[in-house]
Amino acid sequence: MIARLENVVKRYDSGDETLTVLEGVDFGVERGEFVTVMGPSGCGKTTMLNILGLLDEPSEGTVRLDGDDVTGLDDRERTEARKRFVGFVFQYFYLIPSLTAQENVEAPTVFSGGSGGRAGELLEKVGLGDRKEHKPAELSGGQKQRVAIARALVNSPDVILADEPTGNLDKETGDETLQLIRDLCDEGVGVVAVTHDERIKDYSDRDVELDDGVVL
Amino acid sequence: MPSLLMARRNLVRNPLRSGLACFGIVIGVVAIASLGILGFTLQAGFTQNMGDVANQVEVVPATDTDAGFGTVTSQTLTDREVRDVRRTAVGATVTPVKQQTVDISYGDTSAGRNAYAVENPEALFEADEGRVPASLSSGVLVGSTFADQLEINVGSAVTVDNSSYRVVGVLAEEPWTAPVNPNFNIVVPETELRDAGYSRVIVEEGSASAANETAQDIRESMNRREEVVEVQENSELIEQVRSQQRLLSLFLIAVGSISLFVAGVSILNVMLMSTVERREEIGVLRAIGVQRTSVLKILLAEATLLGFVGGAVGVVVSLLVGGVINHFMLDDALMVLRPGNLRYLGMALGFAVGISLLSGAYPAWKAANERPVEALRG
């Protein structure tokens, strides 16, 4: 298992009330495996993904990356682990508007010596070899998501976490994006996609249903 | 360096806002630097007018208060009194001055003027033309105004009370405050005034405070039993004027600092706005593995860059303003490049960068410490 949640509980305290979002989730993804996590809105899919990607901490339970317990790490160590193991793909792409496509892909490496040409190769790989110098505003939605995928890959992660990767794309570009993710998977990267887009099932190896904070 | 590049990009993204924040700093720096330069130039102008007079003490015979108002005294200092002055003012340049009214003829003109005689003319006078010798034996030195009036040049022969002398130097114009003012007069060899007494002794010290101490010493040692000499000094007055001027300079700089402080607040505002706007962007940077300290560096670099660019432009404008001030007050625009002024420019620039860094600190800290998951939730 490259990434694993063991009996993870997540509670939010809001004043007197305590909201339990995840109630003991056990979940894992292997290298080269494409898993979709499906479920209604508000069932805790995104929270689960954030905990898996070390953006959020569980209230109880253990998070493992490549077998190592990463639950108690401090902010610096978590950021470092995120950079080493995890690539994120978001529904809203979250590209930095002032940077070109190439610079956006390089962004995760800027403070550690640059990507050494890898950013350009990745853009070619996702079919944007001729858009390297374009700013996000000059790219279509599908192109933006492909830049975001290239960015997620720049540090050679072991697992890619995608939150509604097709949520803002039409059917055709959505399919292209999913095929791209499927190809990455076949090269050995683990993928977890959180979605309510049924189409993703056509590309994934395994589907997990999350409802009321538990994996069904 | 990557943080500086990112910072530059972020600032260029919103040129109007960055430009206005910079402009605030420019105004602040110009206010501090040009007010500082103004104060410094006022002091320089004052010092120029005062000459060395602050360092000088003048010892003259005590006036006989019983003689009554309007009595002209022709008292002089005795050799013994001059020796006493020398003994008290150890280490200072002591110049006893003889003075007498003489008739001077040059060509067809003749005039009654004061003649001064000193053993070391170099200590008191400076030549405009010709030179001031270490001691005068057969030549005379003519005051600038007097030389102009009679069209006397170096090499001219003048007659002083029947003796003929060659002019070896025309003196530079002395400020009105100088104790021995030769502008309308003449400096002759001591032999010419052999019979005259010493009208005064000029004691020159290295600084105004030393002059003040020496003046006190002379008063104490020579006037112990009766008032023998009168010791005149300007050091106290000048020191007072100087300290007033320093206060004025400080006040001017304080006024300037307020505008720089206001500029700092506007940077704080701009940085807060831009970090709120870029909340998601910063969250993404953190999510993709950029450390908190790197985010902090980017934002601090942005604030510092605003301060530095504004400060640099401000320094250039201040140099121009200072040049104009110096041109009108000291007749030399390039006087603005003196170290004293450059100090104000450096100070203003440092202050600008410092206050920008300080203003950027809170927004940067706030943005860097936000949990990425919160920022991405929108």
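A few notes on this one:
- Within the stretch B:123-142, tally of residues that are more than 32 Å from the chain's Cα centre (by Cα), among the small types (Gly, Ala, Ser) and not in a loop (DSSP other than H, G, I, E, B): 1
- Residue among B:319, B:305, B:334, B:345 that alone is modelled with pLDDT of 90 or more, in a helix (DSSP H, G or I) and over 19 Å from residue B:32 (Cβ atoms): B:305
- Any hit, the stretch A:69-80, residues being more than 26 Å from residue A:196 (Cα to Cα), among the basic types (Lys, Arg), exposed (fewer than 15 other Cβ atoms within 10 Å of the Cβ) and free of Cβ contacts under 8 Å to residues at least 60 places away in the same chain: yes
- Of all residues in the stretch B:276-293, those being more than 9 Å from chain A (Cβ to nearest Cβ) and either assigned to a loop (DSSP other than H, G, I, E, B) or more than 18 Å from residue B:2 (Cα to Cα) (or both) number 3.
- Some residue of the stretch B:287-307 being of a type in the set (Ser, Thr, Tyr), under 30 Å from residue A:49 (Cβ atoms) and assigned by TED's automatic domain parsing to the domain that holds residue B:27: yes
- Complete set of residues in the stretch B:137-150 that are within 20 Å of residue B:111 (Cβ to Cβ) and touching a strand residue (DSSP E or B) at 6+ places or on another chain (Cβ under 8 Å): B:139, B:140, B:141, B:142, B:143, B:144, B:146, B:147, B:150
- Top-ranked residue in the stretch B:364-378 [being assigned to a helix (DSSP H, G or I) and of a type in the set (Lys, Arg); ranked as surrounded by the fewest Cβ atoms within 10 Å (Cβ to Cβ)]: B:377
- Test result for residue B:120, more than 31 Å from the chain's Cα centre (by Cα) and in contact (Cβ under 8 Å) with a residue 24 or more places away in the chain: no
- Inspection of the stretch B:302-313 identifies at least one residue that is within 14 Å of chain A (Cβ to nearest Cβ) and surrounded by 21 or more Cβ atoms within 10 Å (Cβ to Cβ).
- For the stretch B:341-363, filtering for residues that are over 26 Å from residue B:17 (Cβ atoms) and surrounded by 15 or more Cβ atoms within 10 Å (Cβ to Cβ) leaves 5.
- Of residues in the stretch B:206-230 being modelled with pLDDT under 85 and touching a strand residue (DSSP E or B) at 6+ places or on another chain (Cβ under 8 Å), the one surrounded by the most Cβ atoms within 10 Å (Cβ to Cβ): B:211
- Residues located in the stretch B:203-243, provided they are within 28 Å of residue B:42 (Cα to Cα) and either of a type in the set (Lys, Arg) or not in a helix (DSSP H, G or I) (or both): B:203, B:204, B:205, B:206, B:207, B:232, B:233, B:234, B:242
- Selection status of residue B:180, β-branched (Val, Ile, Thr) and in contact with a Gly (Cβ under 9 Å, 6 or more places away or on another chain): no
- Selection within the stretch A:50-105 - farther than 29 Å from residue A:124 by Cβ, within 8 Å of chain B (Cβ to nearest Cβ) and either in a loop (DSSP other than H, G, I, E, B) or of a type in the set (D, E, K, R) (or both): A:55, A:56, A:75, A:76
- Residue in the stretch B:112-130 that is surrounded by 21 or more Cβ atoms within 10 Å (Cβ to Cβ) and touching a Lys or Arg at 6+ places or on another chain (Cβ under 6 Å) present: yes
- Screening the candidates B:175, B:182 for the property of being touching a strand residue (DSSP E or B) at 6+ places or on another chain (Cβ under 6 Å), in the same structural domain as residue B:107 (by TED's automatic domain parsing) and not β-branched (Val, Ile, Thr) yields one hit, B:182.
- Any strands (runs of 3 or more DSSP E) falling wholly within the stretch A:122-216 and containing at least 1 residues that are within 14 Å of another protein chain (Cβ to nearest Cβ): A:159-163, A:190-195
- Filter result for residue A:29 (within 17 Å of residue A:194 (Cβ to Cβ) and more than 19 Å from the chain's Cα centre (by Cα)): no
- Checking each residue in the stretch B:256-297 for being under 40 Å from the mean Cα position of the chain (by Cα) and of a type in the set (A, V, I, L, M, F, W, C) picks out B:258, B:260, B:261, B:262, B:263, B:265, B:267, B:268, B:270.
- Subset of the stretch B:1-34 that is under 30 Å from the mean Cα position of the chain (by Cα) and more than 12 Å from residue B:266 (Cβ to Cβ) - its residue that is farthest from the other protein chains (Cβ to nearest Cβ): B:34
- Identity of the residue in the stretch A:3-50, within 16 Å of residue A:207 (Cα to Cα) and polar (S, T, N, Q), that ends up surrounded by the fewest Cβ atoms within 10 Å (Cβ to Cβ): A:46
- Checklist (1) at pLDDT below 85; (2) within 25 Å of residue B:212 (Cβ to Cβ); (3) surrounded by 19 or more Cβ atoms within 10 Å (Cβ to Cβ) applied to residue B:85, failing item: (1)
The values are calculated or read from the model by the stated rules, or taken from the named source; none is laboratory data. Please read all numbers here as calculations on a predicted model, not as lab measurements. We place every Cβ from the backbone using ideal geometry, glycine too, and count neighbours over all the protein chains shown.
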